[in-house]
């Protein structure tokens with residue numbers, strides 16, 4: 001091991017993951033979390049809103065971010081944990097049927113605290129940014 005416990009996650013390291021959001025994804029997530037808001041489950045109601053149709057949970061988009069953080073750690077030694085997400089935003093709706101691409105890029109490192117900060121953006125095939133955040137990974141085995 002090097003003296004730098006974060007060496008495996010250099011600035012600029014990036015992964016992308018894609019996923020099409022299905023009705024079953026949203027309903028399973030709603031059932032797991034208990035968030036059965038009509039925004040996510042009532043098509044007739046949502047047709048009367050500015051969105052015109054159901055939208056997926058913002059927290060589901062954060063789950064896709066989590067998938068990307070797992071991917072960026074593939075093949076990397078050590079015990080890493082999610083230390084949290086900062087400045088989470090949902091600037092546009094995520095609709096059923098959208099295909100999202102999550103871009104996860106290491107943007108900053110704090111060696112003394114063993115933390116890596118990454119910019120995470122979730123963009124649809126329509127070109128809309130539906131979620132953005134800073135994710136913090138922490139190495140806890142050194």
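The values are calculated or read from the model by the stated rules, or taken from the named source; none is laboratory data. Being a predicted model, the structure only gives us computed values, none of them experimental. Please note: Cβ atoms are built from the backbone with ideal geometry, for glycine as well, and neighbour counts cover all protein chains shown.
Evaluation of residue 127 against the conditions (1) assigned to a strand (DSSP E or B); (2) surrounded by fewer than 15 Cβ atoms within 10 Å (Cβ to Cβ) shows that the sole unmet condition is (1). Looking only at the stretch 68-83, residues that are at pLDDT 95 or above and either in contact with a helix residue (DSSP H, G or I) (Cβ under 9 Å, 6 or more places away or on another chain) or over 19 Å from residue 16 (Cα atoms) (or both) come to 5 in all. Please work out which residue is nearest to the chain's Cα centre (by Cα), limiting yourself to the stretch 83-124 and to residues that are in a loop (DSSP other than H, G, I, E, B) and touching a residue at least 60 places away in the same chain (Cβ under 8 Å). The selected residue is 94. If you check residue 17 against the conditions, is it assigned to a strand (DSSP E or B), under 30 Å from residue 139 (Cβ atoms) and either in contact with a helix residue (DSSP H, G or I) (Cβ under 6 Å, 6 or more places away or on another chain) or modelled with pLDDT of 95 or more (or both)? Criteria met by residue 17.
Going by the structure shown, is residue 88 over 17 Å from residue 7 (Cα atoms), in contact with a helix residue (DSSP H, G or I) (Cβ under 7 Å, 6 or more places away or on another chain) and buried (at least 21 other Cβ atoms within 10 Å of the Cβ)? Taking the combined requirement at face value, the residue does not satisfy it. Across the stretch 69-83, the number of residues qualifying as in contact with a strand residue (DSSP E or B) (Cβ under 7 Å, 6 or more places away or on another chain) and more than 20 Å from residue 110 (Cβ to Cβ) comes to 1. Yes or no: the stretch 29-52 includes at least one residue that is surrounded by 12 or more Cβ atoms within 10 Å (Cβ to Cβ), in contact (Cβ under 8 Å) with a residue 12 or more places away in the chain, under 18 Å from the mean Cα position of the chain (by Cα) and assigned to a strand (DSSP E or B). No, every residue in the stretch 29-52 fails to be surrounded by 12 or more Cβ atoms within 10 Å (Cβ to Cβ), in contact (Cβ under 8 Å) with a residue 12 or more places away in the chain, under 18 Å from the mean Cα position of the chain (by Cα) and assigned to a strand (DSSP E or B).
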